[in-house]
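Peer 1: Here it is, the structure in full.
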Amino acid sequence: MSETVNSEIYSLIYGSLIFCNQCGNLLDNPGDQDLIICQVCGETKDGSSFEGIESVTVTKPTAFPSILRNNRSLIKGNVKDGGNQATIEELCMKCGNNQMEFYTMQLRSADEGQTVFYKCTKCSYQYRVNN
């Protein structure tokens, strides 16, 4: 009989939630209650039947946002001179040279434009523009 009661009790439990086997309503946590009563259909369960049942809850690592975790996922690295740069005709504000190297990076949120980094090929003056 004890094994039948346990299997019936376990069939009512889903994670840390307990449901009524008559109507499917979510039941109150048994706690120290002697009797658990379904608020919808009135079905009753002996509270002591739920003693000693272990409930394990697992969450995904992404369930709770974390600034540290977000920083870990940002693209990190250095753009080396001559790497992914292109040369364009752009006037240098410092020396008047008309050639600049540039590259772009997505530094802000995805719904905002990329940041363009410029470097003068003559005097190495650098600046950036947020698109």
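The values are calculated or read from the model by the stated rules, or taken from the named source; none is laboratory data. Just so it is clear, the structure is predicted and the values come from calculations on it, not from any experiment. Heads up, the Cβs are rebuilt from the backbone with ideal geometry, glycines too, and the neighbour counts pull from every protein chain shown. The protein model used for the area step is the full one, side chains on, heavy atoms only, and it has no ligands, DNA or RNA in it. Shrake-Rupley method; radii C 1.70, N 1.55, O 1.52, S 1.80 Å.
Peer 1: Find all pairs meeting these conditions: Cβ atoms under 6 angstrom apart; at least six residues apart or on different chains; first residue within the range 32-49 and outside the structural domain of Leu17 (by the TED database); second residue at pLDDT 75 or above and of a type in the set (Lys, Arg).
Peer 2: Final answer for the pair search is none.
Peer 1: Would it be correct to say that Pro61 is modelled with pLDDT under 75, touching a helix residue (DSSP H, G or I) at 6+ places or on another chain (Cβ under 9 Å) and open to solvent by 80 Å² or more (accessible area, probe 1.4 Å)?
Peer 2: yes
Peer 1: Can you pull out the residues in the range 99-131 that are in a loop (DSSP other than H, G, I, E, B) and aliphatic (A, V, I, L, M)?
Peer 2: Within the range 99-131, Leu107, Ala110 qualify.
Peer 1: Could you grab the pairs with beta carbons closer than 8 Å, sequence gap of 6+ or different chains, first residue in the range 111-122 and in the same structural domain as Gln99 (by the TED database), second one β-branched (Val, Ile, Thr) and assigned to a loop (DSSP other than H, G, I, E, B)?
Peer 2: Close Cβ pairs satisfying both conditions: Phe117/Val79.
Peer 1: If you don't mind, another one. Taking Gly52, is it at positive phi, exposed (fewer than 15 other Cβ atoms within 10 Å of the Cβ) and modelled with pLDDT of 80 or more?
Peer 2: Against the criterion (at positive phi, exposed (fewer than 15 other Cβ atoms within 10 Å of the Cβ) and modelled with pLDDT of 80 or more), Gly52 does not qualify.
Peer 1: A further question follows. Just to check your reading of the model, which residue among Gly96, Gly83, Gly77, Gly42 is part of a loop (DSSP other than H, G, I, E, B), farther than 24 Å from Gly24 by Cα, modelled with pLDDT of 80 or more and open to solvent by less than 100 Å² (accessible area, probe 1.4 Å)?
Peer 2: It is Gly96.
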